[in-house]
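Where a number appears in this text, it was derived from the coordinates with a stated rule and is not lab data. Everything numeric here is computed off the predicted structure, so don't read it as measured data. So basically every Cβ, Gly included, is an ideal-geometry build from the backbone, and we count neighbours across all protein chains shown.
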Amino acid sequence: MSPPFGWWDKKAHRGTPVIVKMENPNWSISEISSPDDEDEYGIGAGAGEEFAAAGRGPRKGARVKNAKQITWVLLLKAHRAAGCLTFLASAAVGLASAVRRRVASGRTDSDTTSSSDEESPVLRSRFYSCIKAFLWISVVLLSLEIAAYLKGWHLTAWEIQPLVLPSSFGVRGFLESLYTGWVRFRVEYVAPPLQFLANACVILFLVQSADRLILCLGCFWIRFKGIKPTPKGAIGASEDLESGGEDCPMVLVQMPMCNEKEVYQQSIAAVCNLDWPRSNILIQVLDDSDDPTTQTLIKAEVEKWQQNGARIMYRHRVIRDGYKAGNLKSAMNCSYVNDYEFVAIFDADFQPAPDFLKRTVPHFKDNEELGLVQARWSFVNKDENLLTRLQNINLCFHFEVEQQVNGAFINFFGFNGTAGVWRIKALEDAGGWLERTTVEDMDIAVRAHLKGWKFVYLNDVECQCELPECYEAYRKQQHRWHSGPMQLFRLCLPDIIRSEIGFWKKSNLIFLFFLLRKLILPFYSFTLFCIILPLTMFVPEAELPAWVVCYVPATMSFLNILPAPRSFPFIVPYLLFENTMSVTKFNAMISGLFQLGSAYEWVVTKKSGRSSEGDLISLMKKEPMQQRGASVPNFEAIAKEEPRPQKVSKKKHNRIYRDLIFVGGSRSDR
């Protein structure tokens, strides 16, 4: 088809013309067989005659659109637009109803599996009542501002400064007088303290950003120089694991758990497969479960490994006081603990590699000042959902940057509670496990540091574990992690001041470890981004610089994601998620600092159990390997008890499953 006469006109109509058939009540659209009509080219009557005279008029059989057809097309488009608007309106109403129900009930997740007595409804509803009051005030102020905008009440900066209203701004009604009073009150009483608070938060924000930047520079320096803790001598080099050896010290392995029937099997199997002389290791399964079924399952699993030759024992407390700290303290009071020199601790969802002890215990040799060797966590379910991906960003920065830099330059960091090896003498010198806070791991680390013990962090030694996959479990975990340090700070501050360590170590403990990273960080993040920033919309006299709102937070988020480069596509959800979680962290910090009731809550993080015996059986069939007879689980009995139908679909397995199969060799480097 030849181009239209007005082809150079960019406003000419393009596309396929349509008509609407009205025979069927359900409207339908069909294409015109010949699009060469006058309307297609935008040609008027005179131009049409001239164009037809040139021999290029519409062909025979062409169907010309009329005004009625165009009207029906427009009505069809309007109908579709109305349908979209109706859908959006119904979705917004449903979302608002869900938010209202959850805020009214004081819950942030519909986790029906959690018991109602884990958290006091009265204490829980107080915080959300404040949030509801703040939201209602914001809605009222926003409505007032909208009404003032529609009325044309615009006050310029020079009019607000002396608060002189223009002559045309007459007070002719209640709404006008109300808005005038609000502007006067806002300028005289709200803006000055809000601006002062904003300036203070900006200063704290800059201090914390400088601390994070220094940590990142320290991490870059460690990588550039290749700084890495190296043991002074290798131990356990003998290939005969049954004979033991004088170079292999006595190691006690403790596994505290409580009602965690989803993960106990793979964890016990991983610990029993540790590559260490059998005569020099003892495994304690410290079961605090109050469920009789879970107790029976764990006890049966321990008996199974005892029959296979593993030195493992089952302990259950009758009086379950002190949560995890009380459980560990009770186990350390056993008389046979005096025969052991080191103790390795693994939570119920942690699966160490077979060579874990061979890569951690040698650091204690010829280093009598070393009290702790901490390994890094890695996660089998970090790609499970968006929540686990965002958690992985924070924890990668914590281990890759914070722990590594503090361990390399000042030989102190917070013990992570698991995946670490302690010198038992250091634990006893620090006073042992205490039940006074919900962060017993940080408590014992601070007290050991005050006694002069040094710590070593191994970034290349990983221990696999799980991340919480639902928000409710993650929220409770974060509440415990942020309320406990404030309890500990109140209790340890006199001991830190009276301790004999150097001035710089005291300053690091008080100002950096506790105040800046545990108190100031949640305070300014909640105050600045959840209170001051929204209030500046209603109080324009209080200003925040653009670099505080945009550039510096974006830079800090970029630095946080550097240790996890695969998470760069999630930088925007990460920013929003951190601002949302600042509410929970601030609430936890306040409850711990002022000893509120929720600060003493201990809720075991819910596990999903990413590995199972069925996965181990399937891998065993694919890649049979020679294993030690004393530590081989009875896979044949398991296969008989739980037969699985053959599936053609390909299954994905986590790397930890293969680690449990390759017992005879060390895990490959990643």
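Ranking of D355, D290, D441 by neighbouring Cβ atoms within 10 Å, starting from the fewest: D290, D355, D441. Put in line by how crowded their Cβ is, counting other Cβ atoms within 10 Å and starting with the fewest, C84, C272 read C84, C272.
Estimated from the Cβ-Cβ distance and a Förster radius of 60 angstrom, the FRET efficiency linking K225 and R80 is about 0.40. Ordering 426-439, 570-583 by mean Cβ neighbour count within 10 Å, with the highest value first, yields 426-439, 570-583. I need the shape label for the range 502-591. Rule: rounded when a/c is under 1.5, else prolate if a/b > b/c, else oblate, with a, b, c from the alpha carbon gyration tensor. Judged from the Cα gyration tensor, the range 502-591 comes out oblate (a/c at least 1.5, b/c at or above a/b). Were the residues from F185 through D247 laid out at 0.36 nm apart, the gain over their Cα-Cα distance would be 14.6 nm.
Among 516-526, 378-388, the peptide with the highest mean count of other Cβ atoms within 10 Å heads the list, and the full ranking is 516-526, 378-388.
The modelled label-to-label distance between L213 and Y551, using points 7 Å beyond Cα along the C-beta direction, is 1.1 nm. Listed peptides 134-147, 251-264, 300-313, 326-339 appear in the order 251-264, 300-313, 326-339, 134-147 once ranked by packing, highest mean of other Cβ atoms within 10 Å at the front.
Pairs exceeding 22 Å between alpha-carbon atoms, taken from K476/K585; K232/K454; K261/K358; K232/K451; K228/K454: K261/K358; K232/K451.
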